[in-house]
Amino acid sequence: MDLPATMSGVVLTGHGGPERLEWRDDLPVPAPRAGEVLIEVGAAAVNNTDINTRVGWYSKRDGAAEDAGWSGAPVRFPLIQGIDVCGRIVAVGPGVDPARIGERVLVEPCLREAAGQPLARPWFLGSECDGGFARFTRVPARHACRIESDLSDAELASFPCSYSTAENMLTRAAIGRGERVLVTGASGGVGSAAVQLARARGARVIAVTSPAKADSLRALGAGQVLARDDDPVAALGADSVDAVIDLVGGPAWPRLLDVLRPGGRYAVAGAVAGPIVALDLRTLYLKDLSLFGCTALDDGVFAALVRRIENGEIRPLVAETYPLRDIRLAQDAFARKGHVGKIVLTVGAGAAG
């Protein structure tokens with residue numbers, strides 16, 4: 001295709017409220033560099049990370065801009081966010097096979113290289129570099145994964161960040177067939193993905209969610225559902241689960257370790273109820289527990305996820321779609337937490353709406 005010089009998209013101009021998100025029609029179309037591809041974005045999903053980055057939540061110094069990125073570095077503005085990308089390759093840089101033009105791809109959100117050079121610490125699409133909230137985005141070719149699927153762009157865009165995060169947590173925690181797994185925040189993007197992916201591994205899933213969403217989680221494969229205010233030890237018994245997949249944290253966190261069996265595993269990739277928790281070290285060492293912090297994807301995790309999508313082992317959960325221009329409305333709906341699954345922004349034809 002003949003590429004335009006400029007494109008439409010949404011830029012984040014600084015830390016703050018939704019007013020920091022600006023629609024632009026004059027963004028330069030990025031040129032793919034060595035080892036990179038240019039993708040015409042079809043759809044991109046909304047994530048907690050979009051809002052967390054905008055408000056400076058990742059800073060450990062009360063929102064100081066100096067450490068507000070995922071990597072602990074400053075966020076460089078203006079920034080095109082959007083970590084979930086489904087689209088098609090429309091151009092390639094030097095060293096990339098031109099035959100890849102036309103491929104439908106999902107983008108691995110955890111980037112190990114930039115401009116053909118390895119990174120000392122992973123970058124995340126839409127955080128350390130521009131992402132999918134624009135008509136075009138460029139990424140390293142190795143992170144643009146071809147996918148063969150009858151699913152729509154919006155459905156496929158619901159997978160990359162949440163499902164790869166969940167798959168990474170389950171991989172780190174070595175979840176196996178027949179194990180009992182407790183998933184907190186189970187109605188959100190990562191949580192609902194973890195329920196499906198744990199069931200795909202043959203695990204027995206206990207989901208923590210609001211009562212209104214219990215039936216939806218059972219339909220995804222949860223064998224048991226607890227309310228958010230339930231005490232897991234009272235409901236399940238002490239030392240009763242093999243692993244905890246946690247997206248919540250917060251004041252009730254110590255009970256998650258109490259419910260783990262000796263030798264159990266705990267994996268975390270979120271803290272929506274609060275990042276500061278109380279840890280009794282005696283619980284950790286006397287029970288021989290293993291704790292895993294999960295952000296950067298292990299090698300092979302994203303490829304395994306793509307295979308599961310192509311094989312139909314997991315299904316997309318798209319709660320709502322919005323055109324990209326309506327990103328503020330989409331983030332407002334996301335913040336209300338009334339949905340199960342993902343809210344997705346259509347970027348192709350929808351971007352011009």
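Take the conditions (1) in contact (Cβ under 8 Å) with a residue 12 or more places away in the chain; (2) touching a strand residue (DSSP E or B) at 6+ places or on another chain (Cβ under 9 Å); (3) outside any loop (DSSP other than H, G, I, E, B); ARG255 misses just one of them, which is (2). The condition (being crowded, with 21+ Cβ neighbours inside 10 Å and at pLDDT 95 or above) is satisfied by just one residue among ALA44, ALA31, ALA5: ALA44. All conditions in (1) open to solvent by 20 Å² or more (accessible area, probe 1.4 Å); (2) at pLDDT 95 or above; (3) more than 28 Å from GLY14 (Cβ to Cβ) hold for GLY116, with the sole exception of (2). If I filter segment 224-234 for residues that are over 20 Å from the mean Cα position of the chain (by Cα), of a type outside the set (S, T, N, Q), more than 30 Å from ALA296 (Cβ to Cβ) and in a helix (DSSP H, G or I), do I get at least one hit? Yes: segment 224-234 contains one or more residues that are over 20 Å from the mean Cα position of the chain (by Cα), of a type outside the set (S, T, N, Q), more than 30 Å from ALA296 (Cβ to Cβ) and in a helix (DSSP H, G or I).
Among the conditions (1) closer than 23 Å to ILE175 by Cβ; (2) within 20 Å of the chain's Cα centre (by Cα); (3) modelled with pLDDT of 95 or more; (4) open to solvent by 60 Å² or more (accessible area, probe 1.4 Å), ARG315 misses just one, which is (3). The set of residues from segment 141-161 being in contact with a Leu (Cβ under 9 Å, 6 or more places away or on another chain), within 15 Å of ALA303 (Cα to Cα) and of a type outside the set (Lys, Arg) comprises HIS143, ALA144, CYS145, ILE147, SER149, LEU156, PHE159, PRO160, CYS161.
If I filter segment 55-73 for residues that are charged (D, E, K, R), modelled with pLDDT of 95 or more and in contact with a Pro (Cβ under 7 Å, 6 or more places away or on another chain), do I get at least one hit? Taking every residue of segment 55-73 in turn, none turns out to be charged (D, E, K, R), modelled with pLDDT of 95 or more and in contact with a Pro (Cβ under 7 Å, 6 or more places away or on another chain).
Name every residue in segment 139-151 that is in contact with a Gly (Cβ under 8 Å, 6 or more places away or on another chain) and either within 30 Å of ASP242 (Cβ to Cβ) or surrounded by fewer than 24 Cβ atoms within 10 Å (Cβ to Cβ) (or both), in order of residue number.
ALA141, ARG142 - these are the residues of segment 139-151 that are in contact with a Gly (Cβ under 8 Å, 6 or more places away or on another chain) and either within 30 Å of ASP242 (Cβ to Cβ) or surrounded by fewer than 24 Cβ atoms within 10 Å (Cβ to Cβ) (or both).
Could you check segment 202-213 and list, in sequence order, the residues that are open to solvent by 10 Å² or more (accessible area, probe 1.4 Å) and either assigned to a helix (DSSP H, G or I) or touching a strand residue (DSSP E or B) at 6+ places or on another chain (Cβ under 9 Å) (or both)? Within segment 202-213, ARG204, VAL208, SER210, PRO211, ALA212, LYS213 meet the criteria. Look at segment 214-229: where a residue is of a type in the set (Val, Ile, Thr) and a partner is open to solvent by 30 Å² or more (accessible area, probe 1.4 Å) and assigned to a helix (DSSP H, G or I), sitting 6+ places away or on another chain with Cβ atoms under 8 Å, you get VAL225/ARG218. Among the residues of segment 258-284, which ones are in contact with a strand residue (DSSP E or B) (Cβ under 6 Å, 6 or more places away or on another chain) and among the β-branched types (Val, Ile, Thr)? Within segment 258-284, VAL259, VAL268, VAL277 qualify.
Scan segment 331-342 and tell me whether some residue there is loosely packed, with under 15 Cβ neighbours inside 10 Å and among the basic types (Lys, Arg). Within segment 331-342, one or more residues are loosely packed, with under 15 Cβ neighbours inside 10 Å and among the basic types (Lys, Arg).
So in segment 85-112, with the set limited to residues that are part of a loop (DSSP other than H, G, I, E, B) and in contact (Cβ under 8 Å) with a residue 40 or more places away in the chain, which one is nearest to THR49 (Cα to Cα)? Within segment 85-112, the match that is nearest to THR49 (Cα to Cα) is PRO109.
The number of residues in segment 216-245 that are closer than 29 Å to ASP288 by Cβ, open to solvent by 60 Å² or more (accessible area, probe 1.4 Å) and touching a strand residue (DSSP E or B) at 6+ places or on another chain (Cβ under 8 Å) comes to 5.
The values are calculated or read from the model by the stated rules, or taken from the named source; none is laboratory data. Everything quoted here is computed from the prediction, not taken from an experiment. For neighbour counting, all protein chains shown are included, and Cβ atoms are generated from backbone atoms with ideal geometry for every residue, glycine included. Surface areas here come from the heavy atoms of the whole protein model, side chains and all, with no ligands, DNA or RNA. Shrake-Rupley method; radii C 1.70, N 1.55, O 1.52, S 1.80 Å.
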